[in-house]
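The values are calculated or read from the model by the stated rules, or taken from the named source; none is laboratory data. These numbers were taken from a predicted model, which means no experiment stands behind them. Because the Cβ atoms are built from the backbone with ideal geometry, glycine has one as well, and the counts that use them run over all protein chains shown. Surface accessibility is based on the protein's heavy atoms, side chains included, excluding ligands, DNA and RNA. Shrake-Rupley method; radii C 1.70, N 1.55, O 1.52, S 1.80 Å.
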Amino acid sequence: QVQLVESGGGSVESGGSLRLSCAASGSIGSIDVMGWYRQAPGKERELVASITSSGSPNYVDSVKGRFTISRDNAGNTVYLQMNSLKSEDTAVYYCNVRLRQRWHSNFVNYWGQGTQVTVSS
C-alpha cells in the first residue's frame, strides 16, 4: 500500500511565497516521475510542474521563472517552491507520483489528497 501526504498550502498575499511538500510512503519499489497539478474552481486539472527521476524539470508556461520543483529521492519527497504568487495561482494543488510498488512490475500513478493555495490580491 502507498500513501502520499501533502503539506504546505495556505493563504498568502499576491507576491508572496509558499512551499508545498509531498511525501510518498509504503511499499515502494521505485519512483519515476513526480509532479504537481492544480485545479481551480470551474476549471480542469492542469499539470503545473513535473520532474523526472534524474532531476529534469518541466513547467507549464504560466509558472516558469516563479515556481521551482525539486525532489529528494532518499526521502521519496517532491517539493514545489512557489514565488511571486498571483491570484490566478489560486487552486487546489495535487501531487502525482508514478511509482512501482515493491514486488510489482507495473508503474502506477498515485495522487495526493490535495492542498488549497489561496492568493489574495
Suppose we keep only residues that are among the basic types (Lys, Arg) and surrounded by 13 or more Cβ atoms within 10 Å (Cβ to Cβ) within segment 3-55. Which one would you say is nearest to Arg71 (Cα to Cα)? Arg19
Leading residue by the ranking (nearest to the chain's Cα centre (by Cα)) among those in segment 91-107 that are among the aliphatic types (A, V, I, L, M) and closer than 18 Å to Ile51 by Cβ: Val97
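Considering each residue of segment 65-81, count those that are farther than 17 Å from Gln116 by Cβ and either basic (Lys, Arg) or in contact (Cβ under 8 Å) with a residue 60 or more places away in the chain (or both), and give that number.
So the count comes out to 4.
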Inter-residue pairs, beta-carbon under 7 Å, first farther than 9 Å from Thr118 by Cα and in segment 11-24, second of a type in the set (D, E, K, R) and open to solvent by 40 Å² or more (accessible area, probe 1.4 Å), 6+ apart: Ser14/Lys86
Checking Ser84, Ser62 in turn, the sole residue that is assigned to a loop (DSSP other than H, G, I, E, B), hydroxyl-bearing (Ser, Thr, Tyr), under 23 Å from Gly15 (Cβ atoms) and touching a residue at least 24 places away in the same chain (Cβ under 8 Å) turns out to be Ser84
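If I ask for residues that are more than 15 Å from Ala49 (Cβ to Cβ) and either surrounded by 19 or more Cβ atoms within 10 Å (Cβ to Cβ) or of a type outside the set (A, V, I, L, M, F, W, C) (or both), which ones from segment 61-82 would you list?
Asp72, Asn73, Gly75, Asn76
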In the set Ser14, Ser70, Ser62, the lone residue that is out of contact with any helix residue (DSSP H, G or I) (no Cβ under 8 Å at 6 or more places or on another chain) and polar (S, T, N, Q) is Ser70
For the subset of segment 110-121 comprising residues that are open to solvent by 80 Å² or more (accessible area, probe 1.4 Å) and under 13 Å from Ala24 (Cβ atoms), which member is farthest from the chain's Cα centre (by Cα)? Gln113
